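Reading through the structure tokens given below for one structure.
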Amino acid sequence: MKFRRSERLIDMTNYLLEHPRQLVSLTFFSERYGSAKSSISEDLAIIKETFEQRHIGTLQTIPGAAGGVRFHVKVSEGDARPIIDELCELIANPERLLPGGYLYMTDILGDPAIVQKVGRLFASAYANVPIDVVMTVATKGIPVAYAVANYLNVPVVIVRRDSKVTEGPTVSINYVSGSTKRIQTMLLSKRSLEEGSKVLIVDDFMKAGGTVNGMVSMLEEFKAYVAGIAVLVEAEKAEERLVDEYLSLVRLSDVDVKEKKINVSEGNYFKRSI
């Protein structure tokens with residue numbers, strides 16, 4: 001079946017968006033559309049220009065017989081700032097306050113549109129970093145982890161706090177909670193990670209970083225490596241931060257239960273270079 005150029009452009013764009021970070025050869029597209037490689041190259045040049053003009057992402061060209069193109073999500077600072085401003089406004093809503101100074105975050109983490117934006121921001125920040133797996137701890141960080149993994153085109157592994165029969169044999173470690181200073185346990189299925197994997201750790205909220213630090217220790221047990229750490233919200237007033245290198249979108253400065261005020265600001269997303 002012969003495709004018109006307009007049809008090729010639409011289908012090719014859709015394919016690249018659905019397969020981020022995957023190397024796609026010109027031969028694949030040429031056979032898919034029954035078109036010459038020279039025509040495919042021209043089409044890709046149009047898509048690349050449009051992606052970059054609209055701040056959708058970029059196409060990386062790999063020359064040679066084994067080469068092709070690879071799509072990377074990329075969000076400009078101009079597009080990222082309104083998203084982070086929106087998150088700050090949502091989190092600063094005093095109606096989020098719960099007894100004990102806790103914040104209600106389920107509506108944000110349950111909103112697909114918001115979570116996808118967050119995933120796109122983190123994927124953009126780590127677009128050029130080799131990543132094999134996204135890791136999070138059950139349960140609230142799971143939506144964000146899957147959103148990031150979707151844009152990076154990698155699997156998700158979930159660290160749990162209790163053993164499940166369906167996980168098979170597990171590796172367990174004890175770690176110290178950064179905020180409560182209590183000894184806690186986390187487990188991960190032995191089948192989840194391969195030795196040498198490069199892992200992006202993702203979490204929804206970080207106080208002192210005890211849980212994140214626990215996941216770092218878990219990776220050591222698997223002889224895997226930390227490719228990065230990304231958190232949606234970080235608490236500014238942590239007595240002793242156990243994690244130094246991380247990326248955050250929102251910084252929680254203070255919670256005044258009496259005055260019903262939640263003070264937030266943008267995190268270090270624009271300050272840290274990956």
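Any residue in segment 94-103 that is at pLDDT 95 or above and either at negative phi or not assigned by TED's automatic domain parsing to the domain that holds residue 249 (or both)?
There is no residue in segment 94-103 that is at pLDDT 95 or above and either at negative phi or not assigned by TED's automatic domain parsing to the domain that holds residue 249 (or both).
Which one of these does residue 211 not meet: (1) in a loop (DSSP other than H, G, I, E, B); (2) closer than 17 Å to residue 138 by Cβ; (3) of a type in the set (Val, Ile, Thr)?
(1) is the only condition that residue 211 fails.
Matching residues to (1) on the phi < 0 side of the Ramachandran plot; (2) touching a Phe, Trp or Tyr at 6+ places or on another chain (Cβ under 7 Å); (3) without any contact (Cβ under 8 Å) to a residue 24 or more places away in the chain; (4) not assigned by TED's automatic domain parsing to the domain that holds residue 173:
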| position | (1), (2), (3), (4) |
| --- | --- |
| 209 | no, no, no, no |
| 215 | yes, no, no, no |
| 221 | yes, no, no, no |
| 230 | yes, yes, no, no |
| 234 | yes, no, no, no |
| 244 | yes, no, yes, no |
| 248 | yes, yes, no, no |
| 260 | no, no, no, no |
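Among the residues of segment 159-188, write down those that are without any contact (Cβ under 8 Å) to a residue 24 or more places away in the chain and assigned to a strand (DSSP E or B).
Listed by number, the residues that qualify are 170, 172, 174, 183.
So which helices (runs of 4 or more DSSP H) are wholly in segment 67-130 and hold at least 1 residues that are out of contact with any helix residue (DSSP H, G or I) (no Cβ under 9 Å at 6 or more places or on another chain) and small (Gly, Ala, Ser)?
Fully inside segment 67-130 and qualifying: 77-91, 112-125.
Restricting attention to segment 134-152, which residues are of a type in the set (A, V, I, L, M), buried (at least 22 other Cβ atoms within 10 Å of the Cβ) and under 22 Å from residue 209 (Cα atoms)?
Across segment 134-152, the qualifying residues are 134, 135, 137, 144, 145, 147, 148, 149.
What's the total number of residues in segment 127-168 that are more than 28 Å from residue 107 (Cα to Cα) and modelled with pLDDT of 90 or more?
Number satisfying all stated conditions: 5.
The values are calculated or read from the model by the stated rules, or taken from the named source; none is laboratory data. Since this is a predicted model, take the numbers as computed values, not measurements. Neighbour counts are summed over all protein chains in view; Cβ atoms, including those assigned to glycine, are modelled from backbone coordinates with ideal geometry.
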